[in-house]
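The block underneath contains the structure these notes are about, expressed in structure tokens.
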Amino acid sequence: MIDFSLPERPRGEPKPLLDEDIGPVLARLDAWYAKHLRRDEYGLNPPATDADLDAFENKVGVKLPQCYRQLYRWHDGEIDDRIGHIYGLPLLSLRQAGHEWESWNEVLADFDGDCSEILGTSWPVGAVDPAYINPRRIPLTHDFAGNHIGLDFDPWPEGRMGQVIFYGCDEDVKAVVAESLGTFLEWI
């Protein structure tokens, strides 16, 4: 049976961010797309600018790792009306990611700032904040129903800064998918 009581945050610090060079992974993705998809099936937006990334960073209040900036300098997400390239989910543009992040903060305001208004749990235990909402989660994807794969910038001590997690309105168990963006993109 899963325990959905509100746990206390464990003492200690998470492992530091792994800020890899994801250029080789992005090059492999480009090569795979070129070989297996027609150009009109890519569905990827043009690159984001440094000004776009700086504005997004200021909005969410998180210092974005270089690998995140590198990903968005490659493409600023996917075109809105396409089926996504990340397990069928679209890579959000900075604009869309900002909108999703703002939506979560509106829900948090509706809960009078109580991140744990809806109880949950996490896996592995002690790696992810099991709170329903955490403003230091930055969405990479969405499923059009309030669930995300995203980066976690407030991990618990057994986790890693910038780890990739599942979270959202239907995700009672917040789970670590990969210890870094680079590791996650390797799987794609």
Open item on the list: As I understand it, the value is the acute angle between the Cα axis of helix 94-110 and the longest principal axis of the Cα atoms of the chain; what does it come to in degrees, rounded to 10?
Closed with: 20 degrees
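Could you tell me the relative contact order of the range 113-188? Use alpha-carbon pairs under 8 Å, at least six residues apart, and round to a whole percent.
After rounding, I find 28 percent.
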- [ ] Output the relative contact order of the range 1-115, whole-number percent, from Cα pairs under 8 angstrom with separation of 6+ residues.
- [x] 24 percent
Task: Pairwise FRET efficiency - Arg11 versus Ala145, Cβ, R0 = 45 Å, nearest 0.05 - done: 0.80
Task: lysines whose Cα lies under 23 Å from that of Lys174, excluding same-chain neighbours fewer than 8 positions away - done: Lys15, Lys63
Task: Inter-label distance for His36 and Ala55, nm, one decimal - labels placed 7 Å from Cα along Cα-to-Cβ - done: 3.4 nm
TODO: Determine the distance separating the Cα centre of the range 165-188 from the Cα centre of the range 40-64; give it in Å without decimals.
DONE: 20 Å
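DSSP loop chymotrypsin sites (Phe, Trp or Tyr not before Pro) in the range 1-94 with at most 11 other Cβ atoms within 10 Å of their Cβ, which ones?
On the way: sites: Phe4, Trp32, Tyr33, Tyr42, Phe56, Tyr68, Tyr72, Trp74, Tyr87; in loops: Phe4, Tyr42, Tyr87.
Loop-located and lightly packed - Tyr87.
How much of the DSSP beta bridge set in the chain is antiparallel, as a percent to the nearest 5?
In the chain, approximately 80 percent of DSSP beta bridges are antiparallel ones.
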- [ ] State whether the range 77-141 is rounded, prolate or oblate according to the following rule on the C-alpha gyration tensor (a ≥ b ≥ c being the square roots of its eigenvalues): a/c under 1.5 gives rounded; otherwise a/b larger than b/c gives prolate, and the remaining case gives oblate.
- [x] oblate
- [ ] Please arrange His75, His148, His36 by accessible surface area, largest first, computed with a 1.4 Å probe and ligands excluded.
- [x] His36, His75, His148
Open item on the list: Need one number: nm distance between label points at Trp123 and Arg95, each 7 Å from Cα along Cα→Cβ, rounded to one decimal.
Closed with: 3.7 nm
Open item on the list: Among Arg137, Arg28, Arg69, which one shows the highest mean-square fluctuation when the chain is modelled as a Gaussian network with alpha-carbon springs under 10 Å?
Closed with: Arg28
Task: Length-normalised contact order for the range 145-188 - Cα pairs under 8 Å, 6+ apart - percent - done: 33 percent
Task: Dimensionless Rg/Rh of the chain - Kirkwood Rh, Rg from C-alpha atoms - done: 0.97
Open item on the list: Less than 16 Å from a label point 7 Å out along the Cα-to-Cβ axis of Glu106: which backbone N atoms in the range 126-152 qualify, by residue?
Closed with: 144-147
TODO: Above 21 angstrom, tally the Cα pairs of the range 105-188 and express them as a % of all pairs, no decimals.
DONE: 22 percent
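The values are calculated or read from the model by the stated rules, or taken from the named source; none is laboratory data. These numbers were taken from a predicted model, which means no experiment stands behind them. As a convention, Cβ positions derive from the backbone with ideal geometry for all residues, glycine included, and neighbour counts pool all protein chains shown. All accessible areas refer to the heavy atoms of the entire protein, side chains included, with ligands and DNA or RNA removed. Shrake-Rupley method; radii C 1.70, N 1.55, O 1.52, S 1.80 Å.
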